[in-house]
Each structure stands twice: as C-alpha cells, then as structure tokens.
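A.B. asks: The structure is given below, and queries will be raised subsequently.
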Amino acid sequence: MRSPESELDALREQDLHRQPGHLASPPGREVSAGGDQLLSFASNDYLGLATSAELKAAAAAATEAYGTGAAASRLLYGATPPHRLLEQRAAEFFGKGAALTFASGYAAAVGTMSSLLRKGDTAIIDKRCHASIIDGARLSGATLRVFPHNHTGKLERLLRSAAAASPPDGRVLVATESVFSMDGDTAPLDEICHLKSQSGALLLVDEAHALGLRGPGGRRLAHELGLASEVDLIMATFGKSAGSAGGCIAASPAWVELLANRARSFIYSTAPPPAQAAAAAAALDIIGSDAGDALREQLRGNADRLASALGLTPPAAAIMPIVLGEERRALDAARSLREAGLLVPAIRHPTVARGSARLRVTLTAAHTSADIGRLAGALGGLLGKGEAARLADT
C-alpha cells in the first residue's frame, strides 16, 4: 500500500506540492500573511466588497436576528428570510424566474450537473471549465464529451453526434464559463448559443468571474451580449465580486424546483449561515447600483494601466495570466515577487495543463495607480523585454 508520505514526496519532486497560506488580516489590497505585509494581487474580491461597511452591517444584522448557523438542511428545517431574500434578488438580478442557493460554488456545480443528467444523457464541456462542472458530469453517469477551449467547430460536431445517439427522453447539456478563471478570456457565447438553439441542447453558463464585472449593472456577460434568454441555467458564486460566499443556480421555476428535489449537495447539506445570505443579497444591490458602476470603472482603469505598462491586451474582466511554462519557473517567480512585497500566486497542474504554469494576477477596484505601477515594475524586471514581447504576441 502506498503511504501518504510517498505521494507527498512525489508531489514535491514535480514542484506540485501545495500548502495553504496563513492570513492574519481581512482580505484587501494589503494583507498580512506569514508575518509579511504584502500588496495582494491574489484575491477574487474584485470590487472590494468583502470588507465593505454595507456587507458587514447586513451580516451583523442577520446574525443578531437569526443566529450564527442555519441548524439543518433547508428541506428538513426551512429557509430563513435572508435565504429567501437572496434567492429572490438573484432571480431578479439574473433575469430568471427562480434561483436556488448552495453552500458553495462547487456544491452548486456538482449538485446541478449530477442531478440534471443521468446515464444516456450527454454533457459537452469546454476543456477549461471549472473542475466542479467536470466532477458533477462524471458523477451523473452521463456520457462526458470535452471540446478544446472555445473551439465551436468541435462543439458543433459533438452536438451532432450527441443528438444522433440520444434516446427520445435524453438530455444534452453544454457547459461553459463566460470568463475563464485561469485564462481570463471569454467564451464565444453568441456562437455557442446559436449552436445550442439549432441542436435543442440545454446550456449552462458559469458566470462566476463575470458577475459584477460584465454587462449593464454587472449582471453578467450573457446579459451584455443580449443572450440572457438563450441561457437555460446560470451558475454564479457569491464568493468573488459579491464579497460573501455560496453558489447559485438561476433558471426557470421548474428547473429550480427539480434541483431542490434532486441535487444531493443541496438536500444533504446544512444551509449556509443567514449572515452569508444577507451579505450576498446586499452585494447584489451594490453591484447593480451607481456605486457598482463606479467600482467597475475603477477596476477597468487598473486593468488598462497594467496591460499598457506590460504591452499586453487588457483582460476581459480582472484576471491577467502570465504564462511561464514550467512549474519551477512559476514558483520561483512568485517567490521573487513575494520577496518584493507582492502576493501573486503561482498556478500549476492540475489547475492548468502541464507546461502552462503561470502567475495569476487578479486586479481589484481597491488597487491604486501606485499599486499598479509597483506591480508593473516588478513584473517587467522579472520578465525582461523579450519575455514581455513574447507574452504580448501570445
């Protein structure tokens, strides 16, 4: 029998060993980590709402009124007013008839994919989708087909073959992200929606990294492109731009009711704390307001400044990958940046493909022009002109 020590040694030899860091401060542009004070470019709190007075007040009020825990699963015990309010706000925000919230984005994806699909159905997924979507498809027993990243030609062929093989009551579900979590690019949603409509398939779009950042009022990329009605199932998380935690599926009332009856990650999990739901609902209000517009404008300005300084294309939202290739090189680069007082994570296999290890720079509305200049200077010195030019051509 292999020992855990032998597996850990193998991970270290491949430069794939990981250890969680230790934070001694709230999330923000500056964090205290491992005894160091660091300027952070590692957070998904893109709009800086996790420490906002509004979200803290909403969470505190919900805790005072309803306690610190939900006590049981919702089908067993019921939902508190903050849970019901969040689902109402989410349905309105995403322009759907209903919404169902989960304890995490992972639980939302796994529960949805595994409950809506079964043996005889087909899941067709972009290769770079979140692992949770792939895990859910595998758990479902459905046939899993993966198309190369954003390759709509291959998607079209897979849709044709799935339709030909599908039983009369079979489902074919296409899943993609709108803004991809490790590449920062967007899906060709217009083409995907066209193919979906032609084939009669269902479409799930994970808007985790577009919520709050893309579309009028931060309502998502599909809304921005005028494709909101073409998407059957919208997945989002409240732990990124919404500054709280939890996952959500927005869809027609019938789909949401089916999920509430079949999604094991919903049925058999204690509901999230009321404070979490209250904070997320407050975040949706801010995201859709003039204040949200101002935060998005600040974030876009930061992204444009960094891209201009490095000679790169501005990111689609807030994620700017610096692909370096080998795992050791990415680790060394992250370590050098940390020594310069900057927190920028190294992303390695299996999160990304082998040979595409990278620095994942995430920008927020809280960063200042001086912060961007400091990061650009450190990255420029680390990469050199030749490497920066190569990245610009990628």
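A.B. asks: Mind sorting out which of (i) 56, 44, 41; (ii) 61, 53, 46; (iii) 59, 53, 53 is the real Cα extents along the principal axes in Å computed from the coordinates?
C.D. replies: (iii)
A.B. asks: Please list 3J(HN,Hα) in residue order for region 111-127, calculated via the Karplus relation 6.51 cos²θ - 1.76 cosθ + 1.60 where θ = phi - 60°; whole Hz, with x for glycine and proline.
C.D. replies: Taking θ as phi minus 60°, the curve returns x, 5, 5, 6, 9, 8, 10, 8, 4, x, 7, 9, 10, 10, 10, 4, 4 Hz for region 111-127.
A.B. asks: Within the chain, how many lysine pairs that are 8 or more places apart, or on different chains, have C-alpha atoms less than 23 Å apart?
C.D. replies: Within the chain, the lysine pair count is 10.
A.B. asks: Another question about this same structure. Show the residues, 5+ positions off or on another chain, whose built amide H is closer than 5 Å to the amide H of V172.
C.D. replies: Close amide H contacts, sequence-distant or interchain: T122, L202.
A.B. asks: Using only alpha carbon pairs under 8 Å that are at least six residues apart, calculate the relative contact order of the chain and give it in whole percent.
C.D. replies: Relative contact order for the chain comes out at 22 percent.
A.B. asks: Multiplying the sequence separation of L8 and D293 by 0.36 nm and subtracting their Cα-Cα distance, what value in nm do you get?
C.D. replies: Gain in length upon complete extension: 98.0 nm.
A short reminder: the numbers here are calculations on the coordinates, not readings from a lab. Note that the structure is predicted; figures quoted are calculated from it, not measured.
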